[in-house]
Amino acid sequence: MKVVLIEDDAVLNRTLKRVIEKSYTVMSFVSPSMAVEYIAQSGADVVVSDIRMPEMTGFDVLEKLKSVSPETILILMTGQSSIDESVKAIKSGAFDYIPKPVDTELLIYKLDLVNEKLALKALADTAVRKSGMVGVSAKMEAVLNTAARVAKTDTNVLITGETGTGKEVLARFIHENSERSRRPFAAINCCNLQHHLFESELFGHKKGAFTGADSDRKGIIQSAYGGSLFLDEIGEMPLDLQPKFLRFLETKSFYPVGCPVQEQADVRIIAATNRDLALLSERGGFRQDLFYRLNVINIELPPLRERREDIMPLAHHFMEKYKHINTHIKAIDESAVQCLQSYDYPGNIRELSNIIERAMILEQGELLGCESLNLGCPIEADTLSLDAVMKRHILKVLDIAGGNRQKAAEILGVDTSTVYRKLKDYGIG
């Protein structure tokens, strides 16, 4: 990430530059006009600028950036750390602000957040350009067209589809193409939260609210303030929490656990599920009114087997992603292409990613072949040994389980230790 530092105090400029260059590439300027001229010619990912400078203010720098380098992110430093000035900075389009005297750890933390944001944007851009989500198949072109239109609104979105179809990637795409793109994208998987901690994780808590609450803590809703909150596997949200979450959706307000004071939130909700929420709500497993509130716009992601035109673009994308694993591999063998195109991918894109990653580890030649893909070509299907069939099945289930060995063991009906032992036998740590 390329950083430009603008600080008219030469001593502070040198100090901050030394701190930043330990983590990022940085060019520093005491003159804001020279900095803007440099950015216009050479670009920058992020600018860290003082607000109060004699030549031009940080807000003037922001206005200049909008014309010469609109993609550049701005963090402002101010000695007048008033609420009014910080609010003005954010409303004017700055990513964030830092009060003076500058806490260098806070500065690096803010830059790390920008770096993460840029990485997420690159992920979304890669999904659009390389992964086959746009234009390669008619179904995905329709999905992305809908997502692009929805992104311009602030409406709740429900993304549905089988496990591994790319629901979070699509949610990030919506966020990055929305007016909230400069603010955080926060994601939470409802499956991974313990029931008794769910409300605290979502809404936050006050010190002493329950055993172990040793300090005040913000929930993920406040962490995503001004941005988007992605709730994956929303169908797993506990029933007793759903009325509170519904009230939050309707009022944009909530009570942290153990706090009598209501707080306001500004966040766009994008939810996802691989379950049939309509059927689940009819059977009493999910509140019907919450389902209707979430399901304002429904985008269904088709499984990979229904858009086979996307398989090879995705396969090549993942080869590029994992090329650092094995730099000798140049292409995919023709027979392996047939294997990839004929396989049904019960784990969808996530499974394809795992297949290519594993193949990059196991392949010893310059071409990825059927053997390293471990999908089994039709020609050899009837001649496999029992051990080979067992190996293929275990690895396939592991793919479906997203690499989770405990979950794979549950599907296979064996002890987790058995899965670990078999993988060790196959040379997979």
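Data table
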| read-out | value |
| --- | --- |
| MRE, 222 nm, helices only [DSSP H, n ≥ 4, -39500 (n - 2.57), over the chain, to nearest 500] | -13500 deg cm²/dmol |
| Ranked order, Val87, Val11, Val47, Val102 - accessible area, probe 1.4 Å, largest first | Val11, Val87, Val102, Val47 |
| GNM top mover of Leu375, Leu412, Leu74 - the chain, alpha-carbon springs below 10 Å | Leu412 |
| The stretch 13-60: translational diffusion in µm²/s, Stokes-Einstein, Kirkwood Rh over Cα pairs, 10 °C, 1.306 mPa s | 138 µm²/s |
| Karplus-derived 3J(HN,Hα), 6.51/-1.76/1.60, for each residue of the stretch 280-293, Hz, glycine and proline x | 4, 5, 4, 8, x, x, 7, 5, 5, 5, 5, 4, 5, 5 |
| Whole-angstrom gap from the stretch 255-322 to the stretch 1-65, using each part's C-alpha centre | 40 Å |
| Ratio of the Cα radius of gyration of the stretch 210-362 to 2.2 N^0.38 Å, where N counts its residues | 1.45 |
| Segment Gln338-Met1, extension gain: residue separation times 0.36 nm, minus the distance between their alpha carbons | 117.3 nm |
| Share of pairwise Cα separations in the stretch 164-241, more than 21 Å, in percent | 36 percent |
| Coarse-grained scattering of the stretch 291-344 at q = 0.15 Å⁻¹, given as base-10 log I(q)/I(0) from a Debye sum over alpha-carbon atoms | -0.58 |
| Other-chain or far-sequence residues with amide H under 5 Å of Ala213's (modelled H) | Gly208 |
| Amide H within-cut-off set for Leu5, under 5 Å, with H built and near neighbours excluded | Met27, Ser28, Phe29, Val48 |
| Convex hull volume of the stretch 1-103 per residue (C-alpha atoms, cubic angstrom) | 86 Å³ |
| Spin-label pair Arg405/Glu366, simplified geometry with 7 Å Cα→Cβ offset, distance in nm | 3.6 nm |
| Computed E for Ser42/Arg14 - FRET, C-beta separation, R0 22 angstrom, nearest 0.05 | 0.55 |
| Solvent exposure, largest accessible area first (probe 1.4 Å, DNA, RNA and ligands not counted), of Arg283, Arg52, Arg247 | Arg283, Arg52, Arg247 |
| Carbon plus sulfur fraction of accessible area for the chain, probe 1.4 Å, in percent | 50 percent |
| Accessible area per residue, Å², the chain with all protein chains present, probe 1.4 Å | 50 Å² |
| Filter on Lys91/Lys117; Lys152/Lys323; Lys88/Lys110; Lys117/Lys152; Lys206/Lys252; Lys139/Lys407 - keep pairs with C-alpha separation over 24 Å | Lys152/Lys323; Lys139/Lys407 |
| Heavy atoms of His324 accessible to a 1.4 Å probe, total area in Å² rounded to 10 | 130 Å² |
| All-pairs Cα distance distribution in the stretch 232-306, expressed in whole percent, bin size 10 Å | 16, 47, 27, 9, 2, 0 |
| Virtual spin-label span in nm between Gln242 and Glu306, 7 Å along Cα→Cβ | 2.4 nm |
| Accessible area (Å², 1.4 Å probe, nearest 10) - His317 | 40 Å² |
| Rounded accessible area of Thr211 (nearest 10 Å², 1.4 Å probe) | 140 Å² |
| The chain - Rg and Dmax from Cα coordinates, angstrom | 25.1, 80 |
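The values are calculated or read from the model by the stated rules, or taken from the named source; none is laboratory data. Worth saying up front: this structure is predicted, and the values here are computed from it rather than measured. We place every Cβ from the backbone using ideal geometry, glycine too, and count neighbours over all the protein chains shown. Quick note on the areas: whole protein, heavy atoms, side chains included, nothing else; ligands and nucleic acids left out. Shrake-Rupley method; radii C 1.70, N 1.55, O 1.52, S 1.80 Å.
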